[in-house]
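Worksheet for the structure shown next.
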Amino acid sequence: MRKQPQNPRELIDDFNRLLEQELPEQQYQEFIEQHSRLIPREFVQNHGIHFDLVLRKLSLAKDYTSDFFYLAKSSADWNCVLVEIEKPQSRFFKPGNAELHSDFVSALDQIHRWRAWFSDRANLEGFINGTLKMVRVPHGMTTNPCHIKYVLVMGRRSEFEDNSIRRNLIYAREQADFHILSYDSLIENLNAKRDLYIGIRKNEHIKIISERFVGESIFDTMPSEQLRINENLRQDILANRDRWYHFQRSKGGLVLVLDNVLPKILST
């Protein structure tokens, strides 16, 4: 994965140039993954995005996959946030009027299908206690309630920002657990946004595909056998040793957690 530009202005310019191109949807997702500050922060609670980890292409069922997924916890509960990405060229409305475009109708239908799937108690419990079991830790918080949330990213703000009727028609589709974002909103407040790890959930481990060190909480909490990292990330973790701050007790006294854990994590 290409290293993220350090200058937010550079990232904004690169992203805006990309949005002007007619590209497959996957290329926009890949750019967002490579520049993880662009990932939405909707429904984030006071503990931030759990482990600074976003899972890509997380499978719910045979025909349902979220483009991005992250957990956001407080001391009392968890928000389980599914993000659907459509093209920036996708339209909210038909030209010249306030009638909903089929792009928007289709995207809303995807959210409705997810919502219907989670309305089955067995599906919800299987997702929370099965799919998310590895990352919904520490174990002292596994009994805290989970709330499913939905985010749709599509289109451009220019289609509705100067038209109050269109704006209100979009906002009317939102709910307490569902937010709609334009691609333009992803570049807001970049200075206040952290980088994130991009991961892939495998059957028995999480494969982190990011190449830059973000934070150590995931390594401090998850068992090392449930993680895989690439060699570029391993070297960047070592290069940022001055940012490690989690300690654990050993026979010789306190040691840094990553000194003990990092050698045990297998490489991809």
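Here the condition is being within 24 Å of residue 139 (Cα to Cα), assigned by TED's automatic domain parsing to the domain that holds residue 113, assigned to a helix (DSSP H, G or I) and of a type outside the set (S, T, N, Q); of 31, 51, it holds for 51 alone.
The rows are residues; the columns are (1) without any contact (Cβ under 8 Å) to a residue 60 or more places away in the chain; (2) on the phi > 0 side of the Ramachandran plot.
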| position | (1), (2) |
| --- | --- |
| 57 | no, yes |
| 62 | yes, no |
| 74 | yes, no |
| 81 | no, no |
| 85 | no, no |
| 94 | yes, no |
| 101 | yes, no |
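Only residues that are of a type in the set (D, E, K, R), over 17 Å from residue 154 (Cβ atoms) and outside any loop (DSSP other than H, G, I, E, B) were counted in region 93-121, giving 2. Among the residues making up region 220-268, those that are more than 19 Å from residue 197 (Cβ to Cβ) and of a type in the set (Asp, Glu) are 242, 259. Scan region 179-191 and give yes if some residue there is farther than 19 Å from residue 83 by Cβ and surrounded by fewer than 20 Cβ atoms within 10 Å (Cβ to Cβ), otherwise no. The answer is yes, given that some residue of region 179-191 is farther than 19 Å from residue 83 by Cβ and surrounded by fewer than 20 Cβ atoms within 10 Å (Cβ to Cβ). Residues that are modelled with pLDDT under 95, loosely packed, with under 15 Cβ neighbours inside 10 Å and in the same structural domain as residue 54 (by TED's automatic domain parsing) occur at least once in region 95-105. Against the condition at pLDDT 95 or above and in a strand (DSSP E or B), how does residue 56 come out, does it pass? So residue 56 passes the test.
Whether a residue is within 28 Å of residue 115 (Cα to Cα), modelled with pLDDT of 95 or more and out of contact with any Pro (no Cβ under 6 Å at 6 or more places or on another chain) was assessed, and residue 211 does not pass this test.
Hey, can you tell me all the residues within region 18-28 that are over 14 Å from residue 186 (Cβ atoms) and outside any loop (DSSP other than H, G, I, E, B)?
Kept after step one, since they are over 14 Å from residue 186 (Cβ atoms), are these residues of region 18-28: 20-27.
If the condition is that a residue be over 14 Å from residue 186 (Cβ atoms) and outside any loop (DSSP other than H, G, I, E, B), then 25, 26, 27 are the ones that fit.
In this structure, is residue 180 assigned to a helix (DSSP H, G or I) and β-branched (Val, Ile, Thr)? Walk me through how you get there before you give the answer.
Working: assigned to a helix (DSSP H, G or I): no; β-branched (Val, Ile, Thr): yes.
No: the conditions fail for residue 180.
Would you point out the residue of region 216-268, among those that are touching a Ser or Thr at 6+ places or on another chain (Cβ under 8 Å) and part of a helix (DSSP H, G or I), that is nearest to residue 141 (Cα to Cα)? For region 216-268, the residue satisfying everything is 261.
Residue 157 - would you say it is modelled with pLDDT of 95 or more, surrounded by fewer than 19 Cβ atoms within 10 Å (Cβ to Cβ) and closer than 24 Å to residue 34 by Cα? When the stated conditions are applied, residue 157 passes them.
Could you tell me whether region 71-80 includes any residue that is under 23 Å from residue 157 (Cβ atoms) and surrounded by 21 or more Cβ atoms within 10 Å (Cβ to Cβ)? Within region 71-80, none of the residues are under 23 Å from residue 157 (Cβ atoms) and surrounded by 21 or more Cβ atoms within 10 Å (Cβ to Cβ).
The values are calculated or read from the model by the stated rules, or taken from the named source; none is laboratory data. Because the structure is predicted, anything quoted here is derived from the model rather than measured. Backbone-built Cβ (ideal geometry, glycine too); neighbour counts: all protein chains shown.
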